[in-house]
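Data block below; observations after.
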Protein chains: 2
Amino acid sequence: MPRANLLYAQSGGVTATINATAAAVIETAAKHPSRIDRVYAAKNGILGALREELIDVRLERPDALRALKHTPGGAFGSCRFKLKSLEQDRPHYERVVAVCAAHNIKYFLYNGGNDSADTTHKLAQIAQQLGVELHCIGVPKTIDNDLAVTDVCPGFGSVAKYIAISTLEASLDVMSMAESSTKVFVLEVMGRHAGWIAAAAGLAGKSENDPPHIILFPEVVFDRARFVAAVKDAVTRAGYCTVVVSEGLKDASGKFLAEAGTKDAFGHAQLGGVGPAIAEIVRAELGYKFHWAVADYLQRSARHIASRTDLLVSSKVGEAAVKLALDGQNDVMPVIKRLSDRPYKFRIEVAALADIANHERKMPANFIREDGFGITAAARRYLAPLIEGEAYPPYKDGMPGYVQLKRRLIAKKLPEYLVK
Amino acid sequence: MPRANLLYAQSGGVTATINATAAAVIETAAKHPSRIDRVYAAKNGILGALREELIDVRLERPDALRALKHTPGGAFGSCRFKLKSLEQDRPHYERVVAVCAAHNIKYFLYNGGNDSADTTHKLAQIAQQLGVELHCIGVPKTIDNDLAVTDVCPGFGSVAKYIAISTLEASLDVMSMAESSTKVFVLEVMGRHAGWIAAAAGLAGKSENDPPHIILFPEVVFDRARFVAAVKDAVTRAGYCTVVVSEGLKDASGKFLAEAGTKDAFGHAQLGGVGPAIAEIVRAELGYKFHWAVADYLQRSARHIASRTDLLVSSKVGEAAVKLALDGQNDVMPVIKRLSDRPYKFRIEVAALADIANHERKMPANFIREDGFGITAAARRYLAPLIEGEAYPPYKDGMPGYVQLKRRLIAKKLPEYLVK
């Protein structure tokens, strides 16, 4: 069987461990020199594949490639660029196939979430229609944890760990001083459609009396009066109240709380996230001294406190994706099948991309406590193993030894293609 | 010499390492059983001393006391309660002296910042006037790093490390996706009067081309036009721009940017910190896609990524404070004298509280780059050793093994005293 090249691309919001997946892809490919000649990485995700901007991985230093395992962000560049339907964007799909053909690429590994699974699925169809051999393999990744079929999405466990620890740490701080200072602390976390990350904050405590006292999920319609009563109750009971709020929180009319707010002096909708909006409700209704934090990108890039379980899962899907490609598979994604909670055991299975693309996994209803403000024992059983273990990066002079790649491109062979 | 008791109290904003100071006080006291009988800790800082709410440290589990070394927050409780002048608050000072006398406390260790040094100083004076033997020792602590005389304030190094790492991590994230997504990332950090914490973000990069591209210090009057030009320049050069802004940033009229803003629909001043305000300027003037984060309490409680240097310094001042008390010293504070930058070497010296109380240490002018948007080599030399080394807490089930104390109080001997 003649040797062919492999193209790897990163897509969508990056994570603390997506580069560990990249490293696993590169390492695994290197173990099959009789089958895989060169590994290329698209510069800035699918944009690089369209523009024929392909990074030659061989030109990176070996120690830099190893350092990918502990470097957050997307080292080859990622993008927010959604390919539309085959009808609308057929030239784009054909272009990717043409770029692959021009560079003897027979393995295309696309590392992303729902949209990327959809793109990979469509690409497999187009290649087949065109009669071009191209093994299109999706590689899962998303902090949103909303991919169907898989037990967990690589990248989620590390955000979950960061949020659980940050919630606990800030709560210990607030608790110390609540009598004469801040009584209510609000932490805004990511999760526009599903409350997986908010739920992870629940791991900070073991019971309803532990922080976080209130979690506001996007799955639960915000009820201002009930929320205010719950804050008051927590402050009365515990002396303080930690609130974790998902950016996707909505009111009864389906409007995001983050938007529901106020206008600035120029009539623009107030910027601020839902964190300050929730804090403002506490101030207006209860008058408690408050503080709020918005973790934003800090949470998804916090490689310094990544979950070892997440790192393992992130590596395994990279390794599996290469093997699936070499096994002649196409239009599939390696996924995680949980075998046991404690210790966390899993195996890699294979899912059809059609079963993943455009299916959003919601949080099960039985993960949210009946009062809507916390997580259940079932949620704990699911979440706890995902934050298990630490995987510290190496440090030098007090700073983590994160790497930046050279990202040298190979020579183009095709005419220029303008994407936008 | 008859045995006496020691009272330790935590004051003001807590830190990731103030409990390590507490642990060192307790351990050092235990090494002098012939001199120190019992160690008490005031519940919620000076409030506990006033109310005669004294925690009996002996009733805590030994392993819990050891765990203080790696637990953030203030385990005995802290407070924001400033004693005023001797004229105005004389009864308060006399009450603390009376509480100490009632419980055979001859050593009073007060762990805090400027205000606490002032309180300790006044307490020493009152005790002397009343002819009561009470060795009043200040113990330094503050993330603001604004105490005079000492090279560094315990607690600062850990915030500095957290902010430097978070700035780097978020920048790697933004860099990955800047072409098609967020181009400007704004991180708001603490520091109302001095830019020490903002300056620490500068350790994320090594040159002007590295993130953070712009630091906005409270020491530098905010110039909107220059700022906008600098953001545009960074995006042009690097493809993205990381901005770190100190909560204390002010405009030319001396107004905090965080307040300068906008009113909500009810006419209240907009909540939001300076982070969203700066992001809004970027949106309005340049139209770049932006994100912002507000680290708030997360930064000062982030024991999970504490600086080993900070932990060492925090322990040493606790140990030294007990020794100073036993040496018969009074009205003093142990401070850090730097002996070398690299490796960081220091020794403990003794400073008069009068030289510390009410002296605020500003950042030296030569720490801020000429353009006002970054740090100088001198700042790097000062800051770098303070974030050196990691000091991870132990973990169980993926979470740090932080402790909460029982905080059992001893029996009161005096009539009730109403503080507020």
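For an R0 of 51 angstrom, estimate the FRET efficiency from the Cβ-Cβ distance between residue A:285 and residue B:251 and round to the nearest 0.05.
Efficiency computed from Cβ-Cβ geometry: 0.95.
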Legend entry - Helix axis angle, B:114-130 relative to chain B longest principal axis, alpha carbon, degrees: 20
Inset, instruction - Convert each backbone phi in the stretch A:243-248 into a coupling constant with the Karplus relation 6.51 cos²θ - 1.76 cosθ + 1.60 (shift: θ = phi - 60°), then list the ³J(HN,Hα) values in order as whole Hz, x for Gly and Pro. - result: 10, 10, 10, 7, 4, x
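Just the ratio, please: alpha-carbon radius of gyration of the stretch A:156-301 over 2.2 N^0.38 Å, N its number of residues.
Against the compact-globule rule of thumb, the ratio is 0.98.
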Inset, instruction - Would you mind checking the tilt of helix A:86-102 against the longest principal axis of the Cα atoms of chain A, expressed as 0 to 90 degrees and rounded to 10? - result: 50
Inset, instruction - Kindly put B:110, A:8 in sequence by how many other C-beta atoms sit within 10 Å of each C-beta, fewest to most. - result: A:8, B:110
Inset, instruction - With +1 on each Lys and Arg Cβ and -1 on each Asp and Glu Cβ, and nothing else charged, work out how big the dipole of the protein assembly as shown is about its Cα centre, in Debye to the nearest 20. - result: 1380
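Please compute the Kirkwood hydrodynamic radius of the stretch B:350-415 from all pairs of different C-alpha atoms, in Å with one decimal.
17.8
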Legend entry - For the protein assembly as shown, with +1 on Lys and Arg beta carbons and -1 on Asp and Glu, the positive-most of A:344, A:168, B:365 along the dipole: A:344
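Suppose only helical runs count, i.e. DSSP H with n ≥ 4. What mean residue ellipticity at 222 nm does that imply for the protein assembly as shown under -39500 (n - 2.57) per run, divided by all residues and rounded to the nearest 500 deg cm²/dmol? Intermediate values should be presented prior to the final figure.
Numbers: 26 runs with 299 residues, N = 840.
For the protein assembly as shown, the value works out to -11000 deg cm²/dmol.
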Inset, instruction - For the stretch B:253-395, give the magnitude of the charge dipole about the Cα centre (Cβ charges: +1 Lys/Arg, -1 Asp/Glu; no others), in debye to the nearest 20. - result: 380
Inset, instruction - Express the C-alpha Rg of the stretch B:167-232 as a ratio against the empirical globular expectation 2.2 N^0.38 Å, rounded to two decimals. - result: 1.15
Inset, instruction - Convert each backbone phi in the stretch B:340-357 into a coupling constant with the Karplus relation 6.51 cos²θ - 1.76 cosθ + 1.60 (shift: θ = phi - 60°), then list the ³J(HN,Hα) values in order as whole Hz, x for Gly and Pro. - result: 7, 7, 9, x, 5, 10, 8, 10, 8, 10, 10, 10, 6, 4, 4, 7, 10, 4
Legend entry - Pairwise centroid distance, computed over Cα atoms, of the stretch A:16-81 with the stretch B:5-84, Å: 52
Inset, instruction - Note down, for the protein assembly as shown, the three equivalent ellipsoid semi-axes (square root of 5 times each alpha carbon gyration tensor eigenvalue), biggest first, whole angstrom. - result: 51, 27, 26
Legend entry - Within 10 Å of each Cβ in B:162-171, the average number of Cβ atoms from other chains: 6
Legend entry - Nearest 10 degrees, 0 to 90: helix B:274-286 Cα axis against chain B principal axis: 10
Inset, instruction - Arrange B:63, A:296, A:223 by Cβ neighbour counts within 10 Å, fewest through most, would you? - result: B:63, A:223, A:296
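About its Cα centre, what dipole magnitude does chain B give when the only charges are +1 on Lys and Arg Cβ and -1 on Asp and Glu Cβ, stated in debye to the nearest 20?
Magnitude of the dipole: close to 1060 debye.
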Legend entry - Equivalent ellipsoid, chain B (semi-axes from 5 times Cα gyration tensor eigenvalues, Å): 42, 22, 20
Inset, instruction - Could you pull out every residue, at least 5 positions away or on a different chain, whose amide H is within less than 5 Å of the one on residue A:361? Hs are placed 1.01 Å off N in the peptide plane, and Pro or chain starts have none. - result: A:147, A:148
Inset, instruction - Scan chain A and report its longest stretch carrying no GluC sites (Glu not before Pro) that are both in a DSSP loop and have at most 10 other Cβ atoms within 10 Å. - result: A:1-369
Legend entry - Per-residue average of Cβ from other chains inside 10 Å of B:67-77: 3
Legend entry - Pairwise Cα inverse-distance average, inverted: Kirkwood Rh of the stretch B:237-372 (Å): 19.6
Legend entry - A:356, B:165, B:126 arranged by Cβ crowding within 10 Å, fewest neighbours leading: B:126, A:356, B:165
Legend entry - Sequence-distant residues sharing a close amide H with residue A:292 (under 5 Å, placed H): A:186
Inset, instruction - List, in order, the whole-Hz ³J(HN,Hα) value for each residue of the stretch B:10-26 obtained from phi through the Karplus relation with A = 6.51, B = -1.76, C = 1.60 and θ = phi - 60°; use x for Gly and Pro. - result: 9, 9, x, x, 7, 9, 6, 10, 5, 5, 5, 5, 4, 4, 5, 4, 5
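We did not get these values from a lab; they are worked out from the coordinates using the rules stated. Quick caveat, the model's predicted, so the values are computed rather than measured. With ideal geometry, Cβ positions are generated from the backbone for all residues, glycine too; neighbour counts draw on all protein chains shown.
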